[in-house]
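Since the structure comes first, as structure tokens, the remarks are kept for the end.
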Amino acid sequence: MEQEHNHGVLMRGLSRRLVYSRPRAWLGMAVELPSLLRGVSIPRGAKCLDIATGLGWATAGLVRLDPSVRIVALDYDGTILPRTREYLREHGAAESSGLCRADAKHLPLRDGSFDLVLCLYGLHHFRGYFEALREIARVLKSTGTFALIDPARRPGKPPGGHHGMEVLTPDELDRMLLDAGFEIVRSRVSLGRVKAVTHKRKSVTAPT
């Protein structure tokens with residue numbers, strides 16, 4: 001079961017236990033994150049933002065890939081953050097990260113702050129894809145990278161589908177990324193999920 005708020009959809013019951021389980025976290029940290037970021041250049045000492053961090057496996061995985069990074073691990077569900085803190089401490093990532101409770105559509109963060117932003121399985125929870133993407137573009141540096149994984153709806157299938165939540169088709173998500181100010185470096189669909197790496201689109205200066 002999921003509980004709806006104006007700010008997003010929070011998981012409850014069995015789905016929550018599965019998503020926040022240790023085996024799920026291990027799979028994400030050991031397999032999904034390294035695969036997603038393969039070939040992505042992360043500057044030494046990079047400042048990173050992990051949106052919808054949940055248990056914190058993406059944050060822990062980033063520290064495993066590069067211990068020099070500094071990460072803000074953010075989630076709207078404040079009830080999970082004590083477990084996040086414990087998980088990060090157990091995986092040696094607590095000193096490299098700070099926790100933040102916030103709505104992804106209204107990030108309490110400065111413009112152009114981050115070298116890397118991750119949002120793994122979070123966009124469809126936000127009750128406002130485009131607003132969240134615009135906020136991510138705002139806080140990302142002009143040279144930064146935004147990487148995401150999110151469920152995808154098959155073309156021609158009615159909206160909804162993933163526990164009744166708003167889910168886009170791959171083409172819809174690609175168009176929304178472009179409209180929000182990103183250029184897509186790579187995007188593929190695997191097992192019903194979009195896995196994409198993007199950069200902030202460079203502004204085009206009109207000739208004088």
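The values are calculated or read from the model by the stated rules, or taken from the named source; none is laboratory data. What you see is a predicted model, and the numbers here were worked out from it, not measured in a lab. Note that each Cβ is placed from the backbone with ideal geometry, even for glycine, and that neighbours are counted across all protein chains shown. For accessibility, only protein heavy atoms count, side chains too; no ligands or nucleic acids. Shrake-Rupley method; radii C 1.70, N 1.55, O 1.52, S 1.80 Å.
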Counting only other residues whose beta carbon sits under 14 Å from that of ALA93, what net charge do I get with K and R as +1, D and E as -1? 0
Where both residues lie in the chain, what percent of DSSP beta bridges are antiparallel, nearest 5? 50 percent
Restricting things to alpha carbons, find the Rg to Rh ratio for segment 77-122 using the Kirkwood radius for Rh. 0.97
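Do any trypsin sites (Lys or Arg not before Pro) in segment 56-123 lie in a loop, going by DSSP, with at most 11 other beta-carbon atoms within 10 Å of their beta carbon, and if so which? Don't skip to the answer; put the middle values down first.
On the way: sites: ARG64, ARG70, ARG83, ARG85, ARG89, ARG101, LYS105, ARG110; in loops: LYS105, ARG110.
Those satisfying the criteria are ARG110.
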Over the chain, what is the mean sequence separation of C-alpha contacts under 8 Å (at least six apart), divided by residue count, expressed as relative contact order in percent? 17 percent
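Add +1 for every Lys or Arg and -1 for every Asp or Glu among the other residues with Cβ under 14 Å from the Cβ of LEU33, and state the total.
That works out to +2.
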Within the under-10-Å Cβ sphere about PRO155, not counting PRO155, Lys/Arg +1 and Asp/Glu -1 give a net charge of +1
Testing the spin-label approximation: label points 7 Å from Cα along Cα→Cβ at ASP66 and GLU183. State their distance in nm. 2.0 nm
Averaged per residue, what accessible surface does the chain expose to a 1.4 Å probe, in Å²? 51 Å²
Above-threshold pairs, the threshold being 28 Å between Cα atoms, out of LYS105/LYS141; LYS47/LYS157; LYS47/LYS105: LYS47/LYS157
For segment 88-105, in order, what is each residue's ³J(HN,Hα) by Karplus, 6.51 cos²θ - 1.76 cosθ + 1.60 with θ = phi - 60°, in whole Hz (x at glycine and Pro)? 5, 5, 5, 9, x, 10, 5, 6, 8, 9, x, 9, 8, 9, 6, 7, 5, 7
Extension reserve of the GLU86-SER113 stretch, reckoned as 0.36 nm per residue once the Cα distance is removed: 7.1 nm
Kirkwood Rh over Cα pairs of segment 88-188 into Stokes-Einstein at 20 °C, 1.002 mPa s: D in µm²/s? 144 µm²/s
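Test of understanding: what is the full-extension gain from ARG175 to HIS199, defined as 0.36 nm times their sequence separation minus their Cα-Cα distance?
7.2 nm
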For every helix of n ≥ 4 consecutive DSSP H residues, a contribution of -39,500 (n - 2.57) applies; sum these over the chain, divide by its total residues, and give [θ] at 222 nm rounded to the nearest 500 deg cm²/dmol. -7500 deg cm²/dmol
Given R₀ = 25 Å, what would the calculated FRET efficiency be for THR79 paired with ARG134, taking r from the Cβ atoms and rounding to 0.05? 0.40
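Please work out how much length the chain gains when fully extended from SER190 to ALA30, using 0.36 nm per residue of separation minus the C-alpha to C-alpha distance, in nm with one decimal.
55.9 nm
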